[in-house]
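Data first, discussion second: the structure below is written as structure tokens.
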Amino acid sequence: MATLKKETGDFGENVGIEYLVKKGYKIVAKNYRFKNFGEIDLVAKKNGKLIFFEVKTRNKLYSLHYPTWTSITIRKRRSLRRICNIFIQNNKEYTDKDWRVDVLFIELDGRNVANIEHLENILWESYY
């Protein structure tokens, strides 16, 4: 049986997929894992660029005290960079593609989506 955290995360990823498809992204992979190096929630393509997505889903009440963006630490960014490079090495058709890592912050009010925030290029840009 899945935990509430897992169910919330899965729900958020599905919301993220719907959001991205509406924005013109083509989903390439979901929940890509490689050994103990980490996981990429979503991989998509748009305009010839490969975009890796970290999806963070939180309840609106919880995010008041613990904002979702606080979960994207320097350690998380390093882990994302490493797993993205592994994905590209293991999928040669993307070797020559430009790529970046974005994050989707999905805020829920019960089982309803209250807000979706899309930040681009989180590895190299400073947002916080």
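The values are calculated or read from the model by the stated rules, or taken from the named source; none is laboratory data. Please read all numbers here as calculations on a predicted model, not as lab measurements. Cβ atoms come from the backbone with ideal geometry, glycine included; neighbour counts cover every protein chain shown. What goes into the accessible areas is simple: the full protein's heavy atoms, side chains included, and nothing from ligands, DNA or RNA. Shrake-Rupley method; radii C 1.70, N 1.55, O 1.52, S 1.80 Å.
Of all residues being part of a strand (DSSP E or B) and over 12 Å from the mean Cα position of the chain (by Cα) in the stretch 28-56, which is farthest from E120 (Cα to Cα)? Just the residue, please. Don't jump to the end; show me each part of the working.
The first filter runs over the stretch 28-56 and keeps only residues part of a strand (DSSP E or B), leaving 28-33, 39-46, 49-56.
Narrowing further to those that are over 12 Å from the mean Cα position of the chain (by Cα): 28, 33, 45-46, 49-50.
Numbers: V28: 18, R33: 22, K45: 14, K46: 13, K49: 13, L50: 12 Å.
Ranking the qualifying residues of the stretch 28-56, first place goes to R33.
Looking at N112, N59, which is the one that is in contact with a Leu (Cβ under 6 Å, 6 or more places away or on another chain), at pLDDT below 95 and either surrounded by 13 or more Cβ atoms within 10 Å (Cβ to Cβ) or under 19 Å from L4 (Cα atoms) (or both)?
On the way: N112 fails: in contact with a Leu (Cβ under 6 Å, 6 or more places away or on another chain).
Of N112, N59, the one residue that is in contact with a Leu (Cβ under 6 Å, 6 or more places away or on another chain), at pLDDT below 95 and either surrounded by 13 or more Cβ atoms within 10 Å (Cβ to Cβ) or under 19 Å from L4 (Cα atoms) (or both) is N59.
Regarding the stretch 5-26, can at least one residue be identified that is aliphatic (A, V, I, L, M), over 22 Å from V113 (Cβ atoms) and within 13 Å of the chain's Cα centre (by Cα)? Explain how you work it out, then say what you get.
Applying the first criterion (aliphatic (A, V, I, L, M)) to the stretch 5-26 yields 15, 17, 20-21.
In the following step, the residues that additionally are over 22 Å from V113 (Cβ atoms) were identified as none.
Among the residues of the stretch 5-26, not one is aliphatic (A, V, I, L, M), over 22 Å from V113 (Cβ atoms) and within 13 Å of the chain's Cα centre (by Cα), which makes the answer no.
If a residue must be touching a Leu at 6+ places or on another chain (Cβ under 8 Å) and assigned to a helix (DSSP H, G or I), how many such residues does the stretch 12-27 contain?
First, the residues of the stretch 12-27 that are touching a Leu at 6+ places or on another chain (Cβ under 8 Å): 12-13, 16-17, 19-20, 27.
Going one step further and asking which of them are assigned to a helix (DSSP H, G or I), we end up with 12-13, 16-17, 19-20.
So the count comes out to 6.
Is it the case that K97 is assigned to a loop (DSSP other than H, G, I, E, B), open to solvent by 30 Å² or more (accessible area, probe 1.4 Å), within 17 Å of N121 (Cβ to Cβ) and not polar (S, T, N, Q)?
Values: assigned to a loop (DSSP other than H, G, I, E, B): yes; open to solvent by 30 Å² or more (accessible area, probe 1.4 Å): yes; within 17 Å of N121 (Cβ to Cβ): yes; not polar (S, T, N, Q): yes.
Yes: the conditions hold for K97.
For E93, all conditions in the list (1) farther than 16 Å from Y32 by Cβ; (2) out of contact with any Lys or Arg (no Cβ under 9 Å at 6 or more places or on another chain) hold save one; what is the number of the exception?
(1)
List the pairs whose first member sits in the stretch 70-89 and is on the phi > 0 side of the Ramachandran plot, whose second member is surrounded by 15 or more Cβ atoms within 10 Å (Cβ to Cβ), and whose Cβ atoms are under 8 Å apart, counting only residues at least 6 apart or on separate chains?
Partner pairs satisfying both residue conditions: none exist.
Only one of R75, R81 is modelled with pLDDT of 90 or more, surrounded by fewer than 22 Cβ atoms within 10 Å (Cβ to Cβ) and over 17 Å from D10 (Cα atoms); which? Break it down into steps so the answer makes sense when it comes.
Details: R75 fails: modelled with pLDDT of 90 or more.
Result: R81 is the single residue among R75, R81 that is modelled with pLDDT of 90 or more, surrounded by fewer than 22 Cβ atoms within 10 Å (Cβ to Cβ) and over 17 Å from D10 (Cα atoms).
Looking at the stretch 1-54, which of its residues are open to solvent by 30 Å² or more (accessible area, probe 1.4 Å), in contact with a Lys or Arg (Cβ under 7 Å, 6 or more places away or on another chain) and under 19 Å from I83 (Cβ atoms)?
V28, F37, E39, K45, K49
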